[in-house]
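Here the structure comes first, spelled out in structure tokens, and everything after it is commentary.
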Amino acid sequence: MTKRKVFISYRRDDTAGFSQAIHDRLVEHLPKDQVFMDVLGIEPGADFVKRLESTVDNCDVLLALIGKRWAGEDGTGRARIHDPQDWVRVEIAAAIRRGVRVIPVLLDGASMPAVESLPEELRPLVRMNAADVRTSRLNADVWDLTGSTIVALGGKWPPDEPGGKIYAVLASIYALFAGAVVLFVMIGSMFMTEVGMPTVLGTLFFVLNSVLLLRLPIHQWVRTLTRQRALTIGAVIHLIGFAVMSAGATEVDGVMIFVFGIVPAASLFLASFAMKRLVQS
């Protein structure tokens, strides 16, 4: 992807922590000098006005963060967005004039402003498809917004992660392991008067862990996990599941602990460490 820039337009007293969360996620996938947010992007001593105008003029995507107080008030009850010197207005108007891709981002249930409430130069904004970012789905919504932004910049989403083949093999092997445990417990239940609760809970931990490692889209949190983090969490969950299952066993020897407890967890931890090194290299 060629080096292109994204500008985050926001009003400080309107966006709370949303602007920072969006900025932080973007710089995980883009170089910092490609993501501009006025507080972080303007050097001390620089002319704020000239720097802002120059940056907007050279950006390729502008994210217009719109909260419930986006129009602003100047203390007299008049909306600041109608002031020709209001910088939120200046930023968005400059982007619209230049034909920059503008993505309205509606924050925490905010709605798109009515067309008649906007200055003439901002009215095209209401025709642009908006993205939603909500507190209740912050991680997933910011992830989706990051994807839309990178695609608009000409990039690929989701990004390629290193170690994909190794991860796929490990996740598949663990899923087979969890399936074998389920099958073993089902067969064992046919010859036992009852299956203990620790066995059932331990089996459930293994199944849920395989779902996490496969990163199946059962929840927004799982969908946004990186491979490295999924492996780390998977190792911990495996140890918990094995400990719970072992609590219900009348006898657990050292070989069983090593083969079914330590080896799978250690493999996941080592793979997580290797994945982290690949990302950093």
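Given in Å, the Rg to one decimal and the Dmax to the nearest whole number for the Cα atoms of the stretch 44-135 are 13.4, 39.
Comparing SER210, SER19, SER267 in a Gaussian network model of the chain where C-alpha atoms under 10 Å apart are linked, the largest mean-square fluctuation is found at SER267.
For the chain, the longest stretch holding no GluC sites (Glu not before Pro) located in a DSSP loop with at most 11 other Cβ atoms within 10 Å is which? Walk me through the numbers on the way to the answer.
Numbers: sites that count: GLU194, GLU251.
After excluding every exposed loop site, the longest remaining stretch is 1-193.
For the chain, the antiparallel share of DSSP beta bridges with both residues in that region comes to about 5%. You can think of it this way: the chain between ASP253 and ALA266 has 2.8 nm of extra reach, that is 0.36 nm per residue less the Cα-Cα gap.
Between ASP57 and LEU201, take the C-beta separation as r, use R0 = 51 Å, and let me know the FRET efficiency to the nearest 0.05. Mind dumping the intermediate values first?
Working: r = 60 Å, r/R0 = 1.17.
After rounding, the FRET efficiency stands at 0.30.
Under the 0.36 nm per residue contour assumption, what length would be gained going from the current alpha-carbon distance of PHE184 and SER172 to full extension? Provide the component values of the computation, followed by the final result.
Numbers: separation 12, 0.36 × 12 = 4.32 nm, distance 1.82 nm.
Full extension from PHE184 to SER172 adds 2.5 nm.
Accessible area per residue of the stretch 152-234 at 1.4 Å probe, in Å²?
Details: 4960 Å² over 83 residues.
Each residue of the stretch 152-234 exposes 60 Å² on average to a 1.4 Å probe.
Annotation for ARG137 and ASP160: the two label points, set 7 Å from Cα along the Cα-Cβ direction, are 3.0 nm apart.
Quick check: residue separation of MET192 and ARG277 times 0.36 nm, minus the Cα distance between them. What number comes out in nm? Mind dumping the intermediate values first?
Numbers: separation 85, 0.36 × 85 = 30.60 nm, distance 4.70 nm.
Between MET192 and ARG277, full extension yields 25.9 nm more.
Pop out the carbon and sulfur fraction of the accessible area of the stretch 174-281 as a percent, whole number, probe 1.4 Å. C and S fraction of accessible area: 74 percent. Between ARG215 and GLU120, how high is the FRET efficiency from 1/(1 + (r/R0)^6) when r is the Cβ-Cβ distance and R₀ = 41 Å? Nearest 0.05. It comes out at approximately 0.30.
Checked against a 29 Å cut-off, the cross-linked pairs LYS68/LYS156; LYS32/LYS276; LYS5/LYS276; LYS5/LYS50; LYS50/LYS156 give Cα-Cα distances beyond that limit for LYS68/LYS156; LYS50/LYS156.
The values are calculated or read from the model by the stated rules, or taken from the named source; none is laboratory data. Quick caveat, the model's predicted, so the values are computed rather than measured. When we count neighbours, we look across all protein chains shown, and the Cβ atoms used for this are built from the backbone with ideal geometry, even at glycine. Note: accessible area is taken over every heavy atom of the protein model, side chains too, but ligands, DNA and RNA are not part of it. Shrake-Rupley method; radii C 1.70, N 1.55, O 1.52, S 1.80 Å.
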